[in-house]
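Asker: Before I ask anything, let me first share the structure, which is written out below as structure tokens.
The values are calculated or read from the model by the stated rules, or taken from the named source; none is laboratory data. What you are looking at is a predicted structure, and each value in this text was computed from that prediction instead of being measured. All Cβ positions, even for glycine, are placed from backbone atoms using ideal geometry, and neighbour counts span all protein chains on display.
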Amino acid sequence: MSLFLVAATISSAPLIEQAVNEKYANENYRLERGQWIVSAHGMTVMQVAKSLGIGEENAPNMLAIVVLIANYWGRHDRDLWEWMKIKLEDQHG
């Protein structure tokens with residue numbers, strides 16, 4: 001699995017949250033309002049964005065950025081690190 005950071009504008013957050021929960025129900029970790037880490041297999045950043053409706057001409061209010069996570073470092077809840085470890089092991093295991 002690859003991990004992607006999805007970061008939405010405050011105004012787009014409710015719509016994107018709905019899309020994240022529908023498309024990646026068991027494959028997302030909510031960091032805070034408007035920010036998620038999504039786990040997806042064999043997808044590009046563009047494919048993840050399009051699956052959420054980001055960047056589509058018929059949805060100009062879906063404002064967000066999707067970034068492939070290649071490396072990471074920081075401080076957060078233990079649950080996040082454990083979730084990421086499990087998802088990344090799925091990729092390599």
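Asker: In the range 19-35, which residues are part of a strand (DSSP E or B) and within 16 Å of residue 88 (Cβ to Cβ)?
Answerer: Result: 28, 29.
Asker: What about residue 7, is it surrounded by fewer than 20 Cβ atoms within 10 Å (Cβ to Cβ), among the small types (Gly, Ala, Ser), at pLDDT 95 or above and in a loop (DSSP other than H, G, I, E, B)?
Answerer: Against the criterion (surrounded by fewer than 20 Cβ atoms within 10 Å (Cβ to Cβ), among the small types (Gly, Ala, Ser), at pLDDT 95 or above and in a loop (DSSP other than H, G, I, E, B)), residue 7 does not qualify.
Asker: How many residues are in contact with a Leu (Cβ under 7 Å, 6 or more places away or on another chain) and polar (S, T, N, Q) if we restrict to the range 36-60?
Answerer: Qualifying residue count for the region: 1.
Asker: Say we look at the range 19-43 and pick out the residues that are among the aromatic types (Phe, Trp, Tyr) and free of Cβ contacts under 8 Å to residues at least 40 places away in the same chain; which of these is surrounded by the most Cβ atoms within 10 Å (Cβ to Cβ)?
Answerer: Step by step, filter the range 19-43, then rank; the result is 36.
Asker: I've got another one for you. Restricting the search to the range 65-82, which residues are over 13 Å from residue 35 (Cβ atoms) and of a type outside the set (D, E, K, R)?
Answerer: 68, 70, 71, 72, 73, 81
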